[in-house]
Amino acid sequence: QFPFGRRLPCDIYWHGVSFHDNNIFSGQVNKFPGMMETVRKITLSRAMRTMQDLFPLEYNFYPRSWILPEELPLFVAEVRVMKDSDPSWKPTFIVKPDGGCQGDGIYLIKDPSDIRLTGSIQSRPAVVQEYICKPLLVDKLKFDIRLYVLLKSLEPLEIYIAKDGLSRFCTEPYQEPTLKNLHQVFMHLTNYSLNIHSENFIHSDSVNTGSKRTFSSILCRLSSRGADVKKLWSDIISLVIKTIIALTPELKVYYQSDIPAGKPGPTCFQILGFDILLMKNLKPMLLEVNANPSMRIEHEQELSPGVFENVPSPVDEEVKVAVIRDTLRLVDPQKKKRKDAHAVSNWIMFPRDSLLRAVGVFCIIWSMKDKQHKHHSLKLSLKLKFYLKLGLCPSLERVPESSELLLDAVPAERAEAGAPRSAEPGLPSLCLKQVFPKYAKQFNYLRLVDRVAALFIRFLGVKGTTKLGPTGFRTFIRNCKLSNSNFSMAAVDILYIDITRRWNSMGIDHKESGMCLQAFVEAFFCLAQKKYKSLPLHEQVASLIEFCECHLAALDEKRLLWGWG
């Protein structure tokens with residue numbers, strides 16, 4: 001750890017919360033710029049809705065959602081229409097504050113006229129979703145799944161999924177929502193941070209029992225009942241890939257803003273937490289994506305009133321240690337160069353508050369002088385114990401007296417009997433499974449918005465910006481030859497002003513003026529519908545993309561010839 005900074009470059013920087021250090025010119029960072037903003041509930045819902053408009057059947061794993069406050073009238077109207085068409089439909093809705101986490105501010109309602117809904121959304125924007133009333137139950141309890149996904153690269157897209165995850169249980173037997181039980185959070189909300197306070201919460205030393213279990217234990221149980229576990233995993237992999245495809249356009253805009261092409265800068269990777277709910281028919285539904293999933297491997301136990309002790313959590317340790325360890329193995333910059341898998345020659349820089357998020361496949365340096373983050377620090381013995389558990393630090397006979405501690409971490413974990421042999425001697429086989437580009441052929445047709453984002457980025461003009469100005473939009477129209485007698489440049493300006501003004505009124509990032517990516521996507525869809533009226537929306541958009549790319553390729557070729565001339 002270097003609380004006062006470090007001048008020498010590092011191979012890997014491990015940040016606690018977000019991509020926040022603008023002075024990194026090389027190496028790899030464990031956060032993507034803009035990831036926190038991209039997976040916020042409102043932004044995620046907008047991205048998923050765009051994909052649902054294009055591919056409604058492929059994206060039916062995300063609940064029907066409305067964004068508040070701007071869509072409150074639409075929400076009320078659509079619910080009224082659905083009730084009129086089906087009087088037997090008695091829906092429940094769940095309200096999730098946009099910036100909330102760990103279950104904060106979430107509540108259930110039966111009717112849009114609920115006073116809490118209309119009273120709070122003006123000061124705290126939220127997403128309201130149709131509540132999934134028929135979840136799969138285990139031991140009569142509702143539960144969700146936390147799966148860990150490694151986004152190793154954005155361009156080219158590379159995705160890994162951990163082979164095991166966590167199952168987090170409610171602590172009261174589930175009943176379908178009624179006006180009498182809507183407020184019972186221990187029955188309806190699976191958030192660990194809420195249920196931990198229930199008197200029914202069970203801490204277990206077994207990964208198969210208790211209020212937090214491994215996902216693999218649930219799969220074993222389902223398999224014993226005859227469930228098609230392979231199909232379930234296939235559906236989950238599909239859900240993860242499709243969700244990442246929905247998020248990448250926005251991420252690429254942030255990425256080019258923070259790390260402009262042609263300038264020195266780091267590459268990025270990030271571990272994401274996917275929260276998934278299984279329906280009674282085993283269909284997985286996406287609840288949300290967490291940019292900073294907790295990597296704690298212990299929980300607090302109250303010894304006496306007000307006195308707590310950190311106690312190891314076998315379930316968390318089973319899943320999270322492997323995820324961290326294998327993430328570092330995958331991003332190891334010297335992996336291909338090393339002839340000896342045990343040789344270690346690199347450094348990682350860690351802020352104090354996130355040391356336990358990383359594992360010592362490399363040498364690690366930290367400073368004990370950090371007073372600013374003193375409240376985040378843990379005892380040195382606990383840090384060393386963490387590494388010893390991994391088997392990555394076989395012997396520590398003495399601690400250097402200097403303020404910096406250097407660990408020569410040599411992998412020495414012995415493979416368990418019967419475990420698959422690893423390509424790296426001394427380490428178990430990877431728990432992270434590559435799903436993209438492995439399955440790229442099945443999913444590349446969904447990446448239309450990615451290509452629209454590439455057009456958007458091309459015409460941004462000024463490096464470091466995330467919004468398109470009116471001149472850039474006009475240049476896009478002109479270079480792609482989209483204006484004609486039926487669509488004049490005056491109409492182009494009106495389209496730009498109308499869409500940009502509406503998106504800016506929604507409270508979308510006022511730091512910059514101009515058209516954001518979501519607004520550009522809407523304008524692009526509008527242009528596609530005008531030009532190709534008889535086709536379905538996804539074919540309209542695909543046709544316009546090809547039309548634009550063709551004209552821009554011809555323009556680039558002409559400029560290249562001019563350059564040679």
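Accessible surface for Arg146 stands near 20 Å², nearest 10, in the context of the full protein assembly shown (1.4 Å probe).
Could you do me a favour and compute the accessible area per residue for the range 447-560, 1.4 Å probe, result in Å²?
Numbers: 5740 Å² over 114 residues.
Computed with neighbouring chains in place, this is 50 Å² per residue.
Among Ser204, Ser224, Leu141, which residue has its Cα positioned farthest towards the positive end of the charge dipole of the range 135-241, with +1 placed on the Cβ of Lys and Arg, -1 on the Cβ of Asp and Glu, and the dipole taken about the Cα centre? So the residue furthest toward the plus end is Ser224.
Once the Kirkwood radius over Cα pairs is known for the range 447-560, the Stokes-Einstein relation at 25 °C and 0.890 mPa s delivers a diffusion coefficient of 169 µm²/s. Surface composition of the range 447-560: carbon and sulfur make up 56 percent of the accessible area, probe 1.4 Å. Each label was represented as a point 7 Å from its Cα along the Cα-to-Cβ direction; for Lys280 and Lys441 these points are 3.9 nm apart.
Accessible area per residue for the range 139-214 in Å², computed with a 1.4 Å probe and the full protein assembly in place, what is it?
Values: 3310 Å² over 76 residues.
Heavy-atom SASA per residue in the range 139-214 reads 44 Å².
For Tyr439, Tyr445, the ranking by accessible surface with the largest value first comes to Tyr445, Tyr439, using a 1.4 Å probe. In the structure shown, do any of Lys31/Lys163; Lys152/Lys212; Lys83/Lys134; Lys31/Lys558 have a Cα-Cα gap over 31 Å, and if so which? Over 31 Å Cα-Cα: Lys31/Lys558. Using 0.36 nm per residue and subtracting the Cα-Cα separation, the extra length available between Ser513 and Lys134 on full extension is 132.0 nm.
Per residue, the range 229-313 exposes 40 Å² of accessible surface when a 1.4 Å probe is rolled over the protein heavy atoms with every protein chain present. The apolar share of the surface of the range 88-229, taken as the fraction of accessible area on carbon and sulfur atoms (1.4 Å probe, ligands and nucleic acids excluded), comes to 53 percent. Checking the table Lys90/Lys280; Lys142/Lys242; Lys96/Lys230 against a 23 Å threshold on Cα-Cα, which pairs fail? Too far apart for the 23 Å limit: Lys142/Lys242; Lys96/Lys230. Going down the list Lys110/Lys252; Lys283/Lys320; Lys140/Lys180; Lys41/Lys481, which pairs span over 30 Å between their C-alpha atoms? Over 30 Å Cα-Cα: Lys110/Lys252; Lys41/Lys481.
The values are calculated or read from the model by the stated rules, or taken from the named source; none is laboratory data. Note that the coordinates shown come from a computational prediction; the quantities given were computed from them, not determined experimentally. Cβ sites come from the backbone with ideal geometry, for glycine too, and all protein chains shown count toward neighbours. Please note that ligands, DNA and RNA were not included when accessible areas were found on the heavy atoms of the full protein model with its side chains. Shrake-Rupley method; radii C 1.70, N 1.55, O 1.52, S 1.80 Å.
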